[in-house]
Ligand code: SF4
């Protein structure tokens, strides 16, 4: 099929995409500024189908947020609470282990574990948590800790990032989810999350994790005060690191949810912006295999449409998501496996259940086998 490109500025970009050439920073800005979303989506879909055909991935996972206590006060955040806040919670180890196995009949292949920067929970506590999960659920992949949590634990323990990652890996951490990247632009970061590690530290932590053989995802928070250049700069920095390490598995654009944050005067992102961020990411990140439409943030409906605009993954069943729901996400806290299958099939795509590392999962009623 030949595309009708309405925006003439996109024609040279289409030629590059058809030839499999890398897009430049300026191309990225043009893609973000063009109103011709169908042409941008057409190009992203070309790349998506070149890489994955109709294959569309999902997993059966569970989110665990062990604590919302956080020493940082990022303005983008509605989740973190002060240690003395009566609404704050911190699970005991027994609660984490109990919660992990609670209330869900479908066999889970992944625990996604992230939380606040707790001033008292030690690296040993987290290692114990991982060991306990591995002991109780040996078949489940533990995708745990943002780069921000890793850097905080290292600082508290007064050891290096490498040693911290090694200890967590030895205790059972299998990979990292890639959160906390937000936007690397320092002026923006100073306003939305000045208590966090800076962009270079985030990238350095990811680099060390990849060197240790750990795979990770990567993310970008959009829809707050950043501009098009900030977004493209972020994508190019991820692409540059991926050229060196090859350790990123999936990129996940995260829509900013302003409710209950100090930035709640900012309007929520539009469907147009959500779709465009998926498409531009697919086009710019030519070396990252997967682009995820995270239904929790962009709603199952928009995530489904994104499967035709560059996304090849729709995330998982999730079960009990706290972070974005504290910030006003109105989506359900979980989707059943059958609903994910329906969303993907109705988009004309072929659903593939995967494990965290994209190996196909063969499933019977309540058990699964990862095909290696
Ligand atoms: S975004 Fe993360 S580090 Fe910042 S306040 Fe929230 S939980 Fe803490």
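Computed values, structure above
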item: Efficiency of FRET between residue 341 and residue 287 - r from beta-carbon atoms, R0 41 angstrom, step 0.05; result: 0.90
item: Rounded tilt (10° steps) of 271-284 against the dominant C-alpha axis of the chain; result: 80 degrees
item: Rounded to 10°, Cα long-axis angle of helix 228-245 versus longest principal axis of the chain; result: 70 degrees
item: Chain lengthening between residue 228 and residue 125 when straightened (0.36 nm per residue, less Cα-Cα); result: 33.0 nm
item: Computed Kirkwood radius, in angstrom, where 1/r is averaged over Cα pairs of the chain; result: 20.9 Å
item: Length gained when the stretch residue 72-residue 201 is fully extended (0.36 nm per residue, less Cα-Cα span); result: 44.8 nm
item: Stokes-Einstein diffusion coefficient of region 78-215, Kirkwood radius over Cα pairs, 10 °C, 1.306 mPa s, in µm²/s; result: 100 µm²/s
item: Exposure proxy order (Cβ contacts within 10 Å, fewest to most) of 295, 202; result: 295, 202
item: Sum of -39500 (n - 2.57) over DSSP H runs of 4+, divided by residues of the chain (222 nm, nearest 500); result: -12500 deg cm²/dmol
item: Spatial extent of region 1-147: Rg and Dmax, with the Cα atoms as the point set, Å; result: 22.6, 60
item: The chain - percent relative contact order, Cα under 8 Å, separation 6 or more; result: 22 percent
item: In degrees, nearest ten, helix 199-211 long axis to first principal axis of the chain (Cα); result: 80 degrees
item: Pairwise centroid distance, computed over Cα atoms, of region 277-309 with region 1-72, Å; result: 7 Å
item: Percentage relative contact order, region 1-118, counting C-alpha pairs under 8 Å, at least six apart; result: 27 percent
item: Computed FRET value (nearest 0.05) for residue 9 with residue 259, which takes r as the C-beta separation and R₀ as 41 Å; result: 0.70
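Every number in this text was worked out from the coordinates using simple rules, so none of it is lab data. Being a predicted model, the structure only gives us computed values, none of them experimental. Every residue, glycine among them, receives a Cβ derived from its backbone with ideal geometry; neighbour counts consider all protein chains shown.
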